[in-house]
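Asks: I'd like to ask some things about the structure below.
The values are calculated or read from the model by the stated rules, or taken from the named source; none is laboratory data. Values in this document were obtained by computation on a predicted structure and should not be read as measured data. All Cβ positions, even for glycine, are placed from backbone atoms using ideal geometry, and neighbour counts span all protein chains on display. The protein model used for the area step is the full one, side chains on, heavy atoms only, and it has no ligands, DNA or RNA in it. Shrake-Rupley method; radii C 1.70, N 1.55, O 1.52, S 1.80 Å.
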Amino acid sequence: MIGADEDVSRNEVSTDDPLISNNQNENGNKLPIPPLLENKNSEEGKAEFDLEVQSGKTEFIKGKETDTLGYNGDYLGPIIKVNKGDDVKVNVKNTLDEQTTVHWHGLEVIGEMDGGPHQVINSNSTWKPQFTIDQPASTLWYHPHLLDKTGEQVYKGLAGLFYIEDEVSSKLDIPKEHGVDDIPLVIQDKRFTENGDVSYNLNMRDRMNGLLGDTAVINGAISPELDVKNEVIRLRLLNGSNARDYKFNFNDNNEFNQIASDGGFLEESVAMKNLSLAPAERAEILLDLSEYKSGEQVTLRDSNNNLMTINVVEESSTKKNIPEKLVEIEDYNRTDAVRSREFVMSGMGPMVNINGKQMDMNRIDEKINVDELEEWVISNESSGGMGGMMGMMDSTPHPFHVHGVQFRIIERNGAKPPINEQGWKDTVMVGNDEEVKILINFTKKGEFMYHCHILEHEDAGMMGQFLVE
Ligand code: C2O
Ligand code: CU
Ligand code: CU
């Protein structure tokens with residue numbers, strides 16, 4: 001195991017408002033497990049799915065009904081699971097009385113299938129994207145991407161996981177039983193009003209920092225409980241929050257192992273006790289519970305705040321180990337990059353921008369040649385200025401995301417990135433005054449977005465477009 005004693009997490013990003021743990025629902029509130037979506041095509045190598053974007057009601061707090069949005073349900077969405085090489089069709093029906101889009105975050109597909117702000121799905125119409133899965137096993141996700149309106153739709157519940165499996169993931173000796181020892185965790189934070197609403201009314205601070213809720217909701221439940229055996233369990237974490245940066249850890253100071261980042265498995269398991277995830281980032285971790293006895297429990301936390309209780313309810317007869325070697329990842333060399341581009345994120349609140357520009361649907365900001373490796377240098381100059389002087393905030397981290405690709409981080413502030421950031425990534429946190437260098441190979445043609453994944457920043461225009469030809 002590598003990295004056992006070093007702190008592998010990137011620089012901690014401070015979030016002003018900590019989560020409060022909610023006590024209202026503490027009596028046996030089981031973790032909901034999003035179902036795997038039925039594949040309508042039984043032919044080998046093919047898959048077809050139906051998704052319906054709908055509005056609904058969710059009882060997060062006992063006795064209170066909250067208006068929410070979901071895919072094929074009231075809140076969040078089912079898990080789409082495909083294999084590498086599959087030809088996939090999705091029928092996305094929008095039953096809302098407003099427009100939406102469905103973006104496949106992390107998926108390498110051509111621009112027209114990406115589901116960004118150009119692929120609008122009108123009310124009562126159906127979008128039928130098709131694509132072939134052309135990337136390794138990974139935990140991706142899908143969510144709306146309507147221009148200026150992404151934050152509200154995601155906040156109200158439009159988010160779902162997208163699993164890719166391949167020969168490597170099927171051979172690896174890791175937990176794979178959905179909902180039993182392979183657990184999806186979609187984490188959002190909400191701000192409930194007295195009557196249980198989650199209205200999306202942004203105040204001044206939300207416009208600055210992004211909307212920070214005060215209550216964590218995991219797969220739709222507040223402070224849920226997960227029952228497992230005393231064995232190794234796999235947690236697939238998605239930070240599906242609009243703006244909150246999580247620092248995951250367990251209350252017993254447990255060591256756990258990260259095995260995958262945004263775009264797939266890491267080369268080796270990385271032992272750690274703390275894991276930071278910015279909005280849109282994913283991580284798969286293995287937690288070894290074999291030392292626990294039936295009746296004992298451990299708590300998943302964000303810093304010091306409890307998120308979920310894991311109850312060991314049964315002793316396991318088999319023993320699983322945590323594999324050290326996971327997968328080979330091809331080397332990316334800076335000397336192979338044909339070009340370097342700079343992206344400077346700056347500004348506050350409604351002024352947030354990239355390279356001094358705000359999103360314009362009719363403007364292509366960068367033109368890229370297909371199959372060329374490029375270096376992108378991303379920096380964050382949002383500190384200081386008016387916001388800093390007014391004491392509104394002391395830090396504006398921006399998670400930078402690129403559509404249609406998985407990239408590699410080669411440098412964070414002049415140094416090699418932490419070991420758990422050396423695998424495939426599609427989103428990278430760039431803290432105050434930080435500079436991050438990434439290498440990207442653009443393999444799919446079309447028009448794509450790059451943007452800050454704090455959704456209030458994205459909606460304010462902190463986004464640009466690139467064209468791959
Ligand atoms: Cu997760 Cu442009 O999005
Ligand atoms: Cu994306
Ligand atoms: Cu931002």
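Asks: Taking the range 270-325 only, how many residues are open to solvent by 70 Å² or more (accessible area, probe 1.4 Å) and in a strand (DSSP E or B)?
Replies: Qualifying residue count for the region: 5.
Asks: Continuing with the same structure: Being among the acidic types (Asp, Glu) and within 15 Å of ligand 1 (Cβ to nearest atom) is the filter; apply it to the range 447-469 and report the residue that is farthest from Asn203 (Cα to Cα).
Replies: Residue satisfying both the conditions and the ranking: Glu447.
Asks: Related question: Do we find that Leu266 is part of a strand (DSSP E or B) and buried (at least 23 other Cβ atoms within 10 Å of the Cβ) in this structure? Please lay out each step first, then the result.
Replies: Details: part of a strand (DSSP E or B): yes; buried (at least 23 other Cβ atoms within 10 Å of the Cβ): yes.
When the stated conditions are applied, Leu266 passes them.
Asks: Can I ask one more? Would you be able to tell me the number of residues in the range 430-453 that are farther than 14 Å from Gly464 by Cα, within 16 Å of ligand 3 (Cβ to nearest atom) and part of a loop (DSSP other than H, G, I, E, B)?
Replies: Qualifying residue count for the region: 4.
Asks: So Leu237 ticks every box in (1) surrounded by 23 or more Cβ atoms within 10 Å (Cβ to Cβ); (2) in contact with a Ser or Thr (Cβ under 8 Å, 6 or more places away or on another chain) but one. Which box is left unticked?
Replies: Among (1) surrounded by 23 or more Cβ atoms within 10 Å (Cβ to Cβ); (2) in contact with a Ser or Thr (Cβ under 8 Å, 6 or more places away or on another chain), Leu237 violates only (2).
Asks: Okay, moving on. Which residue out of Val352, Val402 is over 20 Å from Phe442 (Cα atoms), among the β-branched types (Val, Ile, Thr), within 16 Å of ligand 1 (Cβ to nearest atom) and modelled with pLDDT of 95 or more?
Replies: Working: Val402 fails: over 20 Å from Phe442 (Cα atoms).
Just a single option satisfies the conditions, and that option is Val352.
Asks: Here is a follow-up. Among (1) in contact with a strand residue (DSSP E or B) (Cβ under 9 Å, 6 or more places away or on another chain); (2) open to solvent by 10 Å² or more (accessible area, probe 1.4 Å), which single condition is Asn203 missing?
Replies: Here Asn203 clears every test but (1).
Asks: Hey, does the range 59-82 have a residue that's modelled with pLDDT of 95 or more and closer than 20 Å to Lys444 by Cβ?
Replies: yes
Asks: Related question: In the range 419-464, what count of residues is obtained for those that are open to solvent by 10 Å² or more (accessible area, probe 1.4 Å), polar (S, T, N, Q) and touching a Phe, Trp or Tyr at 6+ places or on another chain (Cβ under 8 Å)?
Replies: Selection size over the range 419-464: 1.
Asks: List every residue pair whose Cβ atoms lie under 9 Å apart, where the two residues are 6 or more positions apart in sequence or sit on different chains, the first residue falls within the range 442-464 and is more than 10 Å from Pro399 (Cα to Cα) and of a type in the set (Asp, Glu), and the second residue, located anywhere, is part of a strand (DSSP E or B) and more than 14 Å from ligand 2 (Cβ to nearest atom).
Replies: These pairs meet every condition: Glu447/Leu467; Glu447/Val468.
Asks: Could you please give the count of residues in the range 74-106 that are at positive phi and part of a loop (DSSP other than H, G, I, E, B)?
Replies: Matching residues across the range 74-106 total 2.
Asks: Only strands (runs of 3 or more DSSP E) wholly contained in the range 116-195 count here; list those with 2 or more residues that are open to solvent by 30 Å² or more (accessible area, probe 1.4 Å), in contact (Cβ under 8 Å) with a residue 24 or more places away in the chain and away from ligand 1 (no atom under 16 Å from the Cβ). Break it down into steps so the answer makes sense when it comes.
Replies: Working: elements: 130-132, 138-143, 160-165, 182-190.
By residue number, 130-132.
Asks: Identify, please: which residue in the range 338-358 is touching an Asp or Glu at 6+ places or on another chain (Cβ under 8 Å) and not in a strand (DSSP E or B) and is, among those, least open to solvent (accessible area, probe 1.4 Å)?
Replies: In this case the residue turns out to be Asn355.
Asks: Now, a different point. Looking at Met272, Met345, Met351, which one is among the hydrophobic types (A, V, I, L, M, F, W, C), within 30 Å of Glu375 (Cβ to Cβ) and over 24 Å from the mean Cα position of the chain (by Cα)? Before the answer, list the steps.
Replies: Values: Met272 fails: over 24 Å from the mean Cα position of the chain (by Cα); Met345 fails: over 24 Å from the mean Cα position of the chain (by Cα).
On inspection, the qualifying residue turns out to be Met351.
Asks: If you take the residues in the range 410-429 that are in a strand (DSSP E or B) and within 21 Å of Gly263 (Cβ to Cβ), which one is nearest to ligand 2 (Cβ to nearest atom)? Full working, then the answer.
Replies: Kept after step one, since they are in a strand (DSSP E or B), are these residues of the range 410-429: 410-412, 415, 425, 427-429.
With within 21 Å of Gly263 (Cβ to Cβ) added as a condition, the list becomes 410-412, 425, 427-429.
Working: Ile410: 21, Glu411: 23, Arg412: 21, Lys425: 12, Thr427: 8, Val428: 13, Met429: 15 Å.
Filtering the range 410-429 for residues that are in a strand (DSSP E or B) and within 21 Å of Gly263 (Cβ to Cβ), the one nearest to ligand 2 (Cβ to nearest atom) comes out as Thr427.
Asks: Of the conditions (1) within 14 Å of ligand 2 (Cβ to nearest atom); (2) of a type in the set (A, V, I, L, M); (3) within 13 Å of Phe407 (Cα to Cα), Leu439 clears all except one; give me its number.
Replies: (1)
Asks: When you look at Val109, is it of a type in the set (A, V, I, L, M) and either within 16 Å of ligand 2 (Cβ to nearest atom) or within 16 Å of the chain's Cα centre (by Cα) (or both), yes or no? Show your work before the answer.
Replies: Numbers: of a type in the set (A, V, I, L, M): yes; either within 16 Å of ligand 2 (Cβ to nearest atom) or within 16 Å of the chain's Cα centre (by Cα) (or both): yes.
In short, yes.
Asks: Right, another one. Out of Ile33, Ile61, report the one residue that is over 25 Å from Met449 (Cβ atoms), under 18 Å from the mean Cα position of the chain (by Cα) and surrounded by fewer than 22 Cβ atoms within 10 Å (Cβ to Cβ). Even if it seems obvious, please write down each step before you answer.
Replies: Numbers: Ile61 fails: under 18 Å from the mean Cα position of the chain (by Cα).
Of Ile33, Ile61, the one residue that is over 25 Å from Met449 (Cβ atoms), under 18 Å from the mean Cα position of the chain (by Cα) and surrounded by fewer than 22 Cβ atoms within 10 Å (Cβ to Cβ) is Ile33.
Asks: Would you be able to tell me the number of residues in the range 422-446 that are away from ligand 1 (no atom under 16 Å from the Cβ), closer than 24 Å to Gly210 by Cα and of a type in the set (D, E, K, R)?
Replies: Final tally of qualifying residues: 3.
Asks: In the range 223-233, how many residues are part of a loop (DSSP other than H, G, I, E, B) and open to solvent by 10 Å² or more (accessible area, probe 1.4 Å)? Working first, answer last.
Replies: Initially, the range 223-233 is screened for residues part of a loop (DSSP other than H, G, I, E, B), giving 223-224, 230-231.
Applying the additional criterion that residues be open to solvent by 10 Å² or more (accessible area, probe 1.4 Å) yields 223, 230-231.
Adding up the residues that qualify gives 3.
Asks: Also, quick follow-up: Given the conditions (1) free of Cβ contacts under 8 Å to residues at least 60 places away in the same chain; (2) touching a Leu at 6+ places or on another chain (Cβ under 9 Å), report the number of the one that Ser317 does not fulfil.
Replies: The single condition Ser317 does not satisfy is (2).
Asks: Pairs please, first residue from the range 360-384 and among the polar types (S, T, N, Q), second anywhere and at pLDDT 95 or above and open to solvent by 40 Å² or more (accessible area, probe 1.4 Å), Cβ atoms under 8 Å, 6+ apart in sequence or on different chains.
Replies: So the pair list comes out as Asn369/Val338; Asn369/Glu469; Ser379/Glu342; Ser379/Glu435; Asn380/Glu435.
Asks: In the range 198-222, what residues are farther than 21 Å from Ala280 by Cα and either part of a loop (DSSP other than H, G, I, E, B) or within 21 Å of the chain's Cα centre (by Cα) (or both)?
Replies: The answer is Ser199, Asn201, Asn203.
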